[in-house]
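The structure under discussion appears below in the form of structure tokens.
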Amino acid sequence: MAVEIAIWRMTDAGPHRLASSPLDFEQRLEDMLSEDPSMSGTELFIIGRQVPTSYGGYIDLLALDADGRAHVLELKRDRTPRDVVAQALDYGSWVQGLGLEDLEQIYLDHNGGETQLDEAFAERFDSPLPDVVNAEQQFTIIASELDPTSDRIVEFLADAYDVPINAVFFRHFSDDGRDYLARTWLLDPQQTEDKAVRPSRRKSRPWNGRDFYIVLGRAGQSDRWAIASKYGLLNAGGGSWYWKPLRNLTPGKRVFAYVGGAGYVGIGRVTGEMIPARDAKVEVNGQLQSLLDQPELSTEWWQRTASDDSEVTEKVVPVEWLATRPIDQAVREKGLFASQVTVCKLRDEHTIKTVERAFGLDPAID
């Protein structure tokens, strides 16, 4: 049961209790939550507002938290308690089936396509998008007030069936020409978050200690794969959070190279440590030359490479390619692992075996 909220203003004559007043502000509340989703009690990144589902209807707010968990936020508006709870669960069943590319498209559709989801997420949380996104979902009903029926339904689902659902309500107070909002939860928010973390789904898959995944730009938008495939240099830059994961690629590790929007384009073996790209040497016609002297490098990439600014400069890791493909022949099929994080451990055996087979590599040898 939610705790009743009361606010007092301290005066010389003693405490003066402020009376809550009704306010038709749920549309304004949606606006405010979209601007500052932390009002819900959780640090969130909004990826879409009024998101249409294939089941019909629109999700008021769809968000991710720092762990990559999806949050469905539904405002009660004038719906009945049964309707709003059922709607939140219905939308959640749709959200559960969304993959990373679906979430990326939702973000692009609802944010003008100016930035990519991974970039905006990193800016919001100061960390890259997790390896696993949308493994869990959490549902939050938001209202200006809650009725006993809503309380009862939400508590029943959460307590009896461990559904990760909660309700947040805001009370409006006015005092001396100023408006205030006070927030409270129906259930302990930490308890609800714990329900959303399903151990069987959150547990990391075992890692073979050898294979890594690396994303090298997006098809048609970057020359990263062209540089990597021609010169044997895995590369990342444009900010330290992009290139720092390259440090995990130590000699002897194997990498599965992926181009966003295309698929897997190469498998290689790391042959050296990460270095600044401006220090890299490449062999051209039997002679070693500076990477910076190569004519096909784009002006933008060259400028980043030549920069001394760690938030701009490029880093590279040498690699010996075991097999490669042009982007238009990339290996891509439903169910293969894909992420926009620069480098991560590749734990998915299905992806490893499928890509090895497509490239004609014998896992027992390579």
Quick one: count up the residues across segment 34-45 that are touching a Phe, Trp or Tyr at 6+ places or on another chain (Cβ under 9 Å) and either of a type outside the set (A, V, I, L, M, F, W, C) or within 16 Å of Leu98 (Cα to Cα) (or both).
3
Residue check, Thr299 more than 27 Å from Lys345 (Cα to Cα) and modelled with pLDDT under 85
yes
Return yes when Val215 is open to solvent by less than 10 Å² (accessible area, probe 1.4 Å), closer than 20 Å to Thr354 by Cβ, at pLDDT 90 or above and in contact with a strand residue (DSSP E or B) (Cβ under 7 Å, 6 or more places away or on another chain) and no when it is not.
no
Cβ pairs under 7 Å, 6+ apart, first in segment 44-57 and among the polar types (S, T, N, Q), second in a strand (DSSP E or B)
Gln50/Tyr58; Gln50/Asp60; Thr53/Ile59
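With segment 31-135 as the region, which helices (runs of 4 or more DSSP H) entirely inside it contain at least 3 residues that are aliphatic (A, V, I, L, M) and closer than 30 Å to Ser150 by Cα?
On the way: elements: 81-95, 100-110, 117-125.
Here the list reads 81-95.
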Would a scan of segment 252-265 turn up a residue that is open to solvent by less than 80 Å² (accessible area, probe 1.4 Å), at pLDDT 90 or above, outside any strand (DSSP E or B) and closer than 22 Å to Trp207 by Cα?
yes
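Per-residue answers, yes or no, for (1) within 25 Å of the chain's Cα centre (by Cα); (2) buried (at least 21 other Cβ atoms within 10 Å of the Cβ):
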| position | (1), (2) |
| --- | --- |
| Phe139 | yes, yes |
| Asp162 | yes, no |
| Val168 | yes, yes |
| Arg171 | no, no |
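Here is a yes/no grid of residues against (1) open to solvent by 70 Å² or more (accessible area, probe 1.4 Å); (2) touching a Ser or Thr at 6+ places or on another chain (Cβ under 7 Å); (3) under 27 Å from Lys244 (Cα atoms); (4) part of a helix (DSSP H, G or I):
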{"residue": "Arg304", "(1), (2), (3), (4)": "no, yes, yes, yes"}
{"residue": "Val316", "(1), (2), (3), (4)": "no, no, yes, no"}
{"residue": "Ala323", "(1), (2), (3), (4)": "no, no, yes, no"}
{"residue": "Asp328", "(1), (2), (3), (4)": "yes, no, no, yes"}
{"residue": "Lys334", "(1), (2), (3), (4)": "yes, no, no, no"}
{"residue": "Ala338", "(1), (2), (3), (4)": "no, no, yes, no"}
{"residue": "Val341", "(1), (2), (3), (4)": "no, no, yes, no"}
{"residue": "Cys344", "(1), (2), (3), (4)": "no, no, yes, no"}
{"residue": "Lys353", "(1), (2), (3), (4)": "yes, no, no, yes"}
If you scan segment 293-302, which residues turn out to be of a type outside the set (S, T, N, Q) and open to solvent by less than 30 Å² (accessible area, probe 1.4 Å)?
Leu297, Trp301
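Filter segment 43-80 for residues that are of a type in the set (Asp, Glu) and open to solvent by 20 Å² or more (accessible area, probe 1.4 Å); which is nearest to Val95 (Cα to Cα)?
First pass over segment 43-80, keeping only residues of a type in the set (Asp, Glu): 43, 60, 65, 67, 74, 78.
Restricting the remaining residues to those that are open to solvent by 20 Å² or more (accessible area, probe 1.4 Å) gives 43, 67, 78.
On the way: Glu43: 19, Asp67: 16, Asp78: 23 Å.
So the residue we want is Asp67.
Output the residues belonging to segment 316-366 that are among the β-branched types (Val, Ile, Thr) and more than 28 Å from the chain's Cα centre (by Cα).
Pass one, segment 316-366, residues among the β-branched types (Val, Ile, Thr): 316-317, 319, 324, 327, 331, 341-343, 351-352, 354-355, 365.
Selection gives Val319, Thr324, Ile365.
For segment 270-284, give me each residue that is β-branched (Val, Ile, Thr) and either open to solvent by less than 20 Å² (accessible area, probe 1.4 Å) or free of Cβ contacts under 8 Å to residues at least 40 places away in the same chain (or both).
Let us first name the residues in segment 270-284 that are β-branched (Val, Ile, Thr), namely 270-271, 275, 282, 284.
Of everything in segment 270-284, those that are β-branched (Val, Ile, Thr) and either open to solvent by less than 20 Å² (accessible area, probe 1.4 Å) or free of Cβ contacts under 8 Å to residues at least 40 places away in the same chain (or both) turn out to be Val270, Val282, Val284.
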Any residue in segment 250-269 that's without any contact (Cβ under 8 Å) to a residue 40 or more places away in the chain: show its pairings with residues that are open to solvent by 10 Å² or more (accessible area, probe 1.4 Å) and of a type in the set (S, T, N, Q) at Cβ separation under 8 Å, as long as the two are six or more apart or on different chains.
Pro251/Thr271
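Would a scan of segment 307-314 turn up a residue that is open to solvent by 40 Å² or more (accessible area, probe 1.4 Å) and not in a loop (DSSP other than H, G, I, E, B)?
no
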Being of a type in the set (Ser, Thr, Tyr), at pLDDT 75 or above, open to solvent by 20 Å² or more (accessible area, probe 1.4 Å) and within 23 Å of the chain's Cα centre (by Cα) is the requirement here; does Ser229 meet it?
no
Within segment 90-99, can one find any residue that is farther than 13 Å from Gln137 by Cα, surrounded by 13 or more Cβ atoms within 10 Å (Cβ to Cβ) and in contact with a helix residue (DSSP H, G or I) (Cβ under 9 Å, 6 or more places away or on another chain)?
no
Residues located in segment 256-269, provided they are closer than 16 Å to Ile227 by Cβ and in contact with a strand residue (DSSP E or B) (Cβ under 6 Å, 6 or more places away or on another chain)
Ala257, Tyr258, Val259, Gly260, Val265, Gly266, Gly268
Qualifying residues in segment 104-115 (those that are open to solvent by less than 70 Å² (accessible area, probe 1.4 Å) and modelled with pLDDT under 80) - the one nearest to Tyr58 (Cα to Cα):
Gly113
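The values are calculated or read from the model by the stated rules, or taken from the named source; none is laboratory data. Worth saying up front: this structure is predicted, and the values here are computed from it rather than measured. So basically every Cβ, Gly included, is an ideal-geometry build from the backbone, and we count neighbours across all protein chains shown. Accessible surface areas use protein heavy atoms only, side chains included; no ligands, DNA or RNA. Shrake-Rupley method; radii C 1.70, N 1.55, O 1.52, S 1.80 Å.
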